[in-house]
1. Spin-label point model (7 Å from Cα, Cβ direction): what's the residue 50 to residue 100 distance in nm?
2. Once both labels are modelled 7 Å past Cα along the beta-carbon direction, what's the residue 19-residue 64 spacing in nm?
3. Please label the shape of region 33-107 as rounded, prolate or oblate, based on the square roots a ≥ b ≥ c of the eigenvalues of the alpha-carbon gyration tensor (a/c under 1.5 means rounded; beyond that, a/b larger than b/c means prolate, else oblate).
Amino acid sequence: MNINFATHAKNTRQAKVITGLAVLFAACFMSANAMAMAVPAAGSFAYDLYDIGVNQILLGPIGFVAGVACMVFAAILAIRQMILPAAGVVLGGAFLLKADAVVQTVGAMII
């Protein structure tokens, strides 16, 4: 009985890859519950934290100034040829400048 171990290992590896792809494909089509973040009830302690953190800081002047500062810092990094850190800072600055759209998207029902 002659066993070729290289062929057996190759077939085993292919079977594992095919099985993994099948599981990933099946997981993509499984339905999950749609969840959204809701604003806490007015008057609760959680609403006070939400109001201060989101409405007054993130969506307020502090968030806008932080977004503009990120863009200026990204321009400085780009001038210094530090492109990868500049790209990350631009993404963070864009998040801060468009925080109102991000907050609405987090609260939207995504199915």
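1. Distance between label points: 1.9 nm.
2. My value for the distance between the label points is 5.8 nm.
3. Details: a/c = 4.03, a/b = 2.12, b/c = 1.90.
Taking the square roots of the gyration eigenvalues as a ≥ b ≥ c, region 33-107 is prolate.
Every number here is computed from the coordinates shown, using simple stated rules; none is lab data. Model, not experiment: these values are computed from the prediction. Here Cβ is always computed from backbone atoms with ideal geometry, including for glycine, and neighbour counts include all displayed protein chains.
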